[in-house]
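The values are calculated or read from the model by the stated rules, or taken from the named source; none is laboratory data. Just so it is clear, the model here is predicted, and its values are computed rather than measured. Neighbour counts run over all protein chains shown; Cβ positions are idealised from the backbone, glycine included.
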Amino acid sequence: MNKFWRNALRSIGMPLLASLFAIVIGGIVVAAIGYNPLVVYGSLISGAFGNLYNLGTTLSGATPLILIGLGIAIAFRAGLFNIGADGQYWVGAMVSVWIGYHFTHLPGLPHILLALLGGMLAGGIWGGIVPGLTKAYLGAHEVITTMMMSYIGIFLVEYMIEEQNAPMRQPGSFPVSPPIAGNTQLATFLPLNVFQQAQLSVGLWIALAAAVVVWILLQKTTFGFQVRAVGFNQRASRYAGIRVPLYTVLTLGISGVFAGLAGGVQMLGVQHQLNDSFASQYGYTAIVVSLLARNNPFGCILSGIFFAALNTGGQNMQQVSGVPASLTDVLTGLIIFFVAAERLIPVLRAWARRRSPGRRSHPADEGGTLA
Amino acid sequence: MEAFLEVRDVTKAFPGVLANDRVNLSLQAGEVHAILGENGAGKSTLMKLIYGLYQPDAGEIRLEGKTMHFQSPRDAIRAGIGMVHQHFMLIPALTVADNVVLGEEPGRIRYDRKEAVRRVRALSEQYRLAVDPTAKIGSLSVGLQQRVEILKAFYRKAKVLILDEPTALLTPQETEELFEVVRHLKSQGIPVLFISHKLDEVRAIADRVTVMRAGRTVETVPVAGATAQELANLMVGRDVVLRIDKQPASPGRAVLDVRDLAVVGDDKQERVRGVSFSVHAGEIFGLAGIDGNGQFELVDAVAGLLRVARGSIHLDGEDISHLTPAQRIAQGMSYVPQDRQLDGLVLEFDLVENTILRDFRRRPFSRAGWLQRLPALRHTERLMERFDVRPRNPERRAGELSGGNQQKVILAREVSRNPKLLIVAQPTRGLDVGAIEGIHRELIRLRDAGTAVLLVSLELDEILSLSDRIGVIHHGRLVDIVSAQTATREQIGLLMTGTQAPGGSEEVFNT
Amino acid sequence: MTVLANPQLWAGTLSLAVPLAFPAIGGTFSERTGVVNIAMEGIMLVGAFFAVACSHWTGSAWLGLLAAMAAGGLVSWVFAWAAIRIAADQVVLGMAINFFGAGITAFLLNTIFGYNGTPTTTPSLPMVTIPALAHVPVLGWFFHQQSILVYLMLAVVIASHWFLFHTRLGLRMRAVGENPLAADTLGLNVWRLRYTGVIIGGILSAVGGAYLSIGILNSFDVNMTNGRGYIALAAMIFGKWTPFGSFGAALLFGFASSLGNALQGNQVPTDLLAMLPYALTILALAGLVGRSTAPAADGIPYLPNR
């Protein structure tokens, strides 16, 4: 049972510890420039969760993060780093919007489903085809190819609305697409408008359901079994008869499907049209979401809410305490740093041991002992 | 005369293994001295001790009469020891000259490339190691790369040269050229330590030979007076083979039939060069050979993990040469790969998942793409009970088990589907006596139940005690197939070194 | 076609290549020693900010440039420590640096200079037109009214090539990026060489950032690099991990943006033009436009004695 607790502590404790480190360092920085860290963090928390409207805004911001984070987690499980989810998100958003304002004769639900499916497909193609095939058959590293495809995707979407006569541009002075049909706008998360004017749609339900789907997919199906096997050990996977190249393509594709779905949900639920909001960078924050969640689908929900809270709370923090909202980006950077540096703890421990007096033997006591 | 390099009573132990046990060696100035021994005899440990990669637990290493305490290869290099590893330590993207001078480049800040080329050219003329200093390493043949390694040693003023299995990857012509180099070095008075398991080569090049067996130096003899048979005997020992109590085999139909099989390894080299044999139901066919002679590429090809370059593989009369690994599993082929941690298991998976690793596609372990945990769990529990896997907890991750228990899990998995053909590679490597016995008994049981078993092992004893027929592979070719009933250690040992026994074989293929 | 005879197109090409070439060559230094570096974006931002801040405080743009180099060196030293000593995942670390760089510069900008941006009185680096060059036909188009950093860049390209391929230290650094074990047995200090590569890379990236803030402007803006660190990454790969290659790729990418600027309002989809660097990089990686292969040990931490 000792082992069980150690595992549990590792999977929950390490991310918590990393976040705690970052928050403490952030607090020191804030204190150094003359603010009271407690007040600052207090305003951050109340900005994120203080009332139903703020909570709604946080959860709304968490929705795309959770969805994209789930996709990235699937890729990580297969040992693949999908760093280009941002482009997959935007390509998905583009296709969803196009379907959303194009097939106006369709009734609401089929139209919504069609729009979301289109977004998913687009994201999947963007992630799966070029990065997947070049990785599986030519050995091109997916970190670079997904990132490059991401930029290509964003420029493609920008092209669609940027110029006066661009293919998806609505006539007018702003670079926006036409709004989607009214019947494709997603309903609010809870009836009776519990979260007041916060734009919290049923998209959150979709994200929560997606987490369950991902968990089932990974843990309960032969597909997930093969994804996980490939992620842990490619040689053993080959030995087990798994077609590793195929699963590389499929996994990157599915990773993109979730990013595309996030784009669709965001368009149908919140933005209702394409506009020049490419600075959101959900795709990058979502990497942090799945890193902090250690690729656990349910962990993605929590860490998605956490980073969304940093974002919405940051705005409030800036207004109330005067500390710039960008502090939250600093915190994010520090959290990733500490998550990446998980070997920091054993290294520090070994260092402390070397320093402690009375022990001058070789530090090579990590392996097994001599019989 | 005082020895140039002397190893005195050196002992080195690793957890569970006494790799070198009071080893003695004395290398005289100007001699070519071979160290001969089977795989696992302790040769490479001894080399690493001399080269400073390991430090001895007891005993001493003396160079020119002075006791040495090497903490790293750097110390050894500084003291004048030059070593050419079996796996070269070269940088393919750089040129020959760059590789040779790296770490002690001519020039101050600027790297004087011209001077480096000049020095390397001078060295290669001095030691008759013709190689173009400006060529990229990646474009050179293995034989030329080896010359670069030797040049590296002499650029650092090596006074003694150690060659670790230098001919393992060479063509016959390259081997002959290497011998020319060694003879030239000898004529210059430079002692050479030549590690090998190839008898004929040792006899061709060495003045004296020290034979190692089971971590000890057995004897040092002058090559001139020793016959091949004597050396082979020294190498494999005269101990009585522990025959396992077993009934005579009653072989049935040919289950596996391999015809003229050629396989190209991951390194793009042809590792199996036209091998033909068959394995019958109810027999254990042992494949003996020294590591690196193509035996593992051969079984990987049979299992579908390496492509068949030429020839065919038939299973129960059906051509499976181009089936996928999954299809071969479905056809009734089981495979226990040699590296249980790298190939046989997913260490992060629990035992249930590892038990169905190769069977998750079929009922009852999955239905229409859905994993069925409960039947898998029950199946795992049954197998753990039957094969006595400990601790008896199917939810443990495979990585948490001991090596013996890991091997039991793999064997249990492969055996449990009642295969027509079971391939086992190195089934008992690194296991304790109890575990070995259990696995051997299981293999015999399977044979008696009518399974065709193809056994690959580097342990000659294992091959001799389990097999009904023994094929000996050397340099990608099947040298001979002999009956285990009549085979002796000496005979097989000689065949393993590529020496064809005079007459007396029941069926000979190829060459 | 008339657009090709427009001197501004060519001056713009060179000018736009600067903030790509510096970090691309910086990345080359890092990756040649075996440390994958996607952190150029964050380090550029840090460099850009401290260039402006110190230029403002000291009244000297040159001290600003120095401060940028120091800040970039410091950040990359932390990156190097975690990547080399702690053996942390280098891609994840790079992301951390990018988030941190964007956050800390925006944070400092707002806490130090408020929300109205950096002071307009901040000195910037001088613009130089070398008469002898400016009057050479065609070549003169490139060198009209360029920042002093443009000339520094040309020097850095040549110096970097010389350093990597013609000095003892350069040879050793490349060896460590290809086969650290072999280098270690020959007595090279793998860790120290990798630190050197990463920190040189950080300093060069920071200069690229400083070009944006005090080279062509005299102000700092939140996220003003706008993804150039990632284009630099593409330039490094497309340039096959060499200084001249990186510079060539940076020129090509700079030309693409400059052409986009020149054609703006001409009904030409500039966004499609902007995809060019990324598309070319994928093609290069896939082996369709001259195979581009990373140093053999790129991204693999080296832990001695194991």
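Values for this structure:
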| quantity | calculated |
| --- | --- |
| Index of the failed condition, B:G504 passing every other in (1) under 24 Å from the mean Cα position of the chain (by Cα); (2) modelled with pLDDT under 90 | (1) |
| A:F174 being of a type outside the set (S, T, Y) and either at pLDDT 90 or above or in contact with a Lys or Arg (Cβ under 6 Å, 6 or more places away or on another chain) (or both) | no |
| Residues of segment C:121-135 satisfying the condition of being over 23 Å from the mean Cα position of the chain (by Cα) and farther than 21 Å from C:A53 by Cβ | C:T129, C:I130, C:P131, C:A132, C:L133, C:A134, C:H135 |
| Test set (1) within 22 Å of C:E41 (Cα to Cα); (2) within 14 Å of another protein chain (Cβ to nearest Cβ); (3) crowded, with 19+ Cβ neighbours inside 10 Å; (4) modelled with pLDDT of 90 or more - C:A234 fails condition number | (4) |
| Filtered residues of segment C:281-297 (kept if modelled with pLDDT of 85 or more and closer than 22 Å to A:M149 by Cα) | C:I282, C:L283 |
| Residue ID - surrounded by the most Cβ atoms within 10 Å (Cβ to Cβ), chosen from residues in segment C:97-142 that are within 14 Å of chain A (Cβ to nearest Cβ) and part of a loop (DSSP other than H, G, I, E, B) | C:G117 |
| From the options C:A53, C:A96, C:A87, C:A67, residue that is modelled with pLDDT under 95 and either of a type in the set (S, T, Y) or farther than 21 Å from C:Y230 by Cα (or both) | C:A87 |
| Residue within segment B:68-77 that is closer than 25 Å to B:V131 by Cα and either within 14 Å of chain C (Cβ to nearest Cβ) or of a type in the set (S, T, Y) (or both) present | yes |
| Residues of segment C:215-251 classified as among the β-branched types (V, I, T) and in a helix (DSSP H, G or I), total | 2 |
| Single unsatisfied condition, B:T227 versus (1) buried (at least 17 other Cβ atoms within 10 Å of the Cβ); (2) among the hydroxyl-bearing types (S, T, Y); (3) farther than 30 Å from B:S141 by Cα | (1) |
| Out of B:A262, B:A249, sole residue that is aliphatic (A, V, I, L, M), outside any strand (DSSP E or B), over 21 Å from B:H85 (Cα atoms) and in contact (Cβ under 8 Å) with a residue 24 or more places away in the chain | B:A249 |
| Residues being small (G, A, S) and surrounded by fewer than 24 Cβ atoms within 10 Å (Cβ to Cβ) - total across segment A:44-87 | 5 |
| Residue, surrounded by the most Cβ atoms within 10 Å (Cβ to Cβ), within segment B:265-281, restricted to residues that are touching a helix residue (DSSP H, G or I) at 6+ places or on another chain (Cβ under 6 Å) and either of a type outside the set (A, V, I, L, M, F, W, C) or assigned to a loop (DSSP other than H, G, I, E, B) (or both) | B:R271 |
| Helices (runs of 4 or more DSSP H) (entirely within segment B:12-106) containing at least 1 residues that are more than 26 Å from the chain's Cα centre (by Cα) | B:73-79, B:96-101 |
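One line per residue, one yes/no per condition, for (1) within 24 Å of B:F360 (Cβ to Cβ); (2) assigned to a loop (DSSP other than H, G, I, E, B):
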residue	(1), (2)
A:P167	no, yes
A:P179	no, yes
A:N183	no, no
A:W205	no, no
A:I216	yes, no
A:Q219	yes, no
A:V227	yes, no
A:A236	yes, no
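Here is a yes/no grid of residues against (1) within 14 Å of chain B (Cβ to nearest Cβ); (2) in contact with a strand residue (DSSP E or B) (Cβ under 7 Å, 6 or more places away or on another chain); (3) among the hydroxyl-bearing types (S, T, Y):
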{"residue": "C:Q145", "(1), (2), (3)": "no, yes, no"}
{"residue": "C:I148", "(1), (2), (3)": "no, yes, no"}
{"residue": "C:M153", "(1), (2), (3)": "no, no, no"}
{"residue": "C:P180", "(1), (2), (3)": "yes, no, no"}
{"residue": "C:A183", "(1), (2), (3)": "yes, no, no"}
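Condition check ((1) surrounded by fewer than 24 Cβ atoms within 10 Å (Cβ to Cβ); (2) within 20 Å of the chain's Cα centre (by Cα)) across all residues:
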| site | (1), (2) |
| --- | --- |
| A:R228 | yes, yes |
| A:F232 | yes, no |
| A:V244 | yes, no |
| A:L252 | no, yes |
| A:A259 | no, yes |
| A:A262 | no, yes |
| A:L268 | no, yes |
